[in-house]
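Below: the structure, in structure tokens.
All of the numbers you see were taken from the coordinates with simple rules; none came from a lab. Note that the coordinates shown come from a computational prediction; the quantities given were computed from them, not determined experimentally. Glycine gets a Cβ as well: all are built from the backbone with ideal geometry, and neighbour counts include every protein chain shown.
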């Protein structure tokens, strides 16, 4: 593995264009070069960690004799990302993963200039002949943790700390609130955004502010383990690991975790490039295919709560329970989904309201 | 808003204001001596990562803070050698110091990422802080008290001691100070090292009091706020303290406003922008009084080269 960060990329960027830096490798076995662009560091114990673990699983499954990877870390969602994608393409990477929503415009722009390079945009919402999108149905996991939260809260005040108000984050909060209220109609869910994917100080301050206002269970859709740490420090009822098991940071407070498993997808998609069968596609799997996993339950979660959560999980996997099955009212009291209806995968991205019980 | 929330806001505000205040106090002394060191953010990161490393290895918080101060002071001295002895451009060198500190801390911090750091609590017995109102006085982390003591100490040093007078003279008119026999370069070295040490302690606040772990760029730009605050406060320690708490309140107000139904009338983006709006308003008010700009040390940012 070659690991670059943004700064070394700056340095080698110009040189790479002029010098056949990697020429010697061209004589070897024609290894497929795969690039990964991450918004943070692989050791964040969250989002980026999940993608890097997926990369490692892919390498193990396919074999390092057939594929080599380049990871570019700390790439902000701005014009600089375009340069990173272009340089990876120029350096001969034939498959490039952009693992953050905000890379979309840049991926599409660079993809037009390199029609023989395949791009995959995680959590994206638009494809092109050489751009696929892949995502996981995290909201299925959130329905499970919402069930746990609804059953375990003592103050009936839950909170959901989001990163940026995009549809996916909003729908995560909706799934959490709907599931929590199904088992406990008295709960309210405060939804707050820190307006960043990475700002540990603000996450910590936000968590403290919520706890000060009586919230006793916090779910998060941000990338790192700061919130579990604060929750542990304050000794509230619970938090949930996001992206990875965060129990090391909150051994007494993490009730369970939503774990991202990107390995199966990376293995499948790299193999399809090797086989020449890669096509423009939109992959969106969840609990059933193992892209989303529920972590181990904390010992303090009562057996009946675990049983109820596992029941929800099994029903989602079996397809008998939809996280967005009607009737669903929004938080102004208007009915949004009629009984017997669901929000399907297409409608999902257009939802601009919060479910009943959410304060946002 | 109940009184509990008001107390909670004030408590969190003090925590958020403290690293900014510590770093800005150090920079104030540096600038009073006529040196502009833009490397505060970098030195804070060095302090933060050293704190994490020493705390996780030895478990000794005091040693960790001392090492953080020393390491950041050392980083500041690199800046000193380049700008004071070699007369390099202070703005460019300061920015380079920030980049160096960011890179160094990221590299050095690798083995410590993803580990919980034990935090430091209040220096007072816990019984004093059980009542919410008493908690406001006695329930803060030790850094909060240290920062407030340092405000008085810096003011006393600059305004009431002979050394402080010399330091100000060096910053206001380096040639006169030189001709009176004072070592301009020596005084500036001392000031730069002090500024570094303070930034290092400010950096130590993050893992030990605010976000108990190490991640890259942990200080998220607070060093730049500290730099701005020095100008904002017109180089006066007490105004600096007021400014830091004002900034702290603005930052904290946002997180409470977003999670409280009383503030739901305005979108969360408004509360997020509030600290910046407030900054603009305050700066305008200060400039209306026509005393902000004239209070900058006269030799700020100018290299001193002794003739003969």
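As a proxy for reagent exposure, ranking B:295, A:272 by other Cβ atoms within 10 Å from fewest up yields B:295, A:272. Peptides B:93-101, A:57-65, B:71-79 ranked from most to least packed by the mean count of surrounding Cβ atoms within 10 Å: B:71-79, B:93-101, A:57-65. When Rg and Dmax are taken over the Cα atoms of the protein assembly as shown, they come to 26.9, 91 Å. When the helices of chain A are scored as -39500 (n - 2.57) per DSSP H run of n ≥ 4 and the total is divided over every residue, the value at 222 nm lands at -12500 deg cm²/dmol. Ellipticity at 222 nm from helices only: DSSP H runs of n ≥ 4 in chain B, each -39500 (n - 2.57), divided by the residue count, give -23000 deg cm²/dmol. Treating the angle as unsigned and between 0 and 90°, give the value, to the nearest 10°, between the Cα long axis of helix A:263-275 and the longest Cα principal axis of chain A. With rounding to tens, the tilt is 30 degrees. In chain B, the longest principal axis of the Cα atoms and the axis of helix B:237-259 are about 30 degrees apart. Given the C-alpha centroids of the stretch A:240-291 and the stretch A:298-337, what is the distance between them in whole angstrom? Cα centres, the stretch A:240-291 to the stretch A:298-337: 21 Å. Under the rule a/c < 1.5 gives rounded, and otherwise a/b versus b/c splits prolate from oblate, where does the stretch A:211-360 land using the Cα gyration tensor? It is oblate, given that a/c is not under 1.5 and a/b is not larger than b/c.
Summarising the strand pairing of the protein assembly as shown, around 15 percent of its internal DSSP beta bridges are antiparallel. When a/c is below 1.5 the answer is rounded, else prolate if a/b is larger than b/c, else oblate, so apply that to the stretch A:167-262 with a ≥ b ≥ c taken from the square roots of the Cα gyration tensor eigenvalues. Rounded shape, in that the Cα axes give a/c under 1.5. In percent, rounded to a whole number, the relative contact order of chain A is 18, using alpha-carbon pairs under 8 Å and six or more apart.
How big is Rg to Rh over chain A, alpha-carbon atoms, Rh as the Kirkwood inverse-mean-distance radius?
Using only Cα positions, Rg/Rh for chain A is 1.00.
Across peptide B:210-223, the average count of Cβ atoms from other chains found within 10 Å of a residue's Cβ is 5. Peptide A:36-45 has a mean shielding of 3, counted as Cβ atoms of other protein chains within 10 Å of each residue's Cβ. Annotation: the residues A:139, B:178, sorted from fewest to most other C-beta atoms within 10 Å of their own C-beta, follow the order B:178, A:139. Averaged over the residues of peptide A:196-202, the number of Cβ atoms from other protein chains lying within 10 Å of each residue's Cβ is 6.
The ranking of A:221, A:265, B:61 by Cβ neighbour count inside 10 Å, starting from the fewest, reads B:61, A:265, A:221.
Determine the percent antiparallel among the DSSP beta bridges restricted to chain A, to the nearest 5. Given both bridge residues lie in chain A, the antiparallel proportion sits at roughly 15 percent. On a 0 to 90 degree scale, rounded to 10, what angle separates helix B:268-288 from the longest Cα axis of chain B? So the helix axis and the longest Cα principal axis differ by about 40 degrees. Under a no-solvent Debye model with one identical scatterer per Cα of the stretch B:3-295, what's log10 I(q)/I(0) at q = 0.07, 0.14 Å⁻¹? One equal scatterer on each Cα of the stretch B:3-295 leads to -0.27, -1.06.
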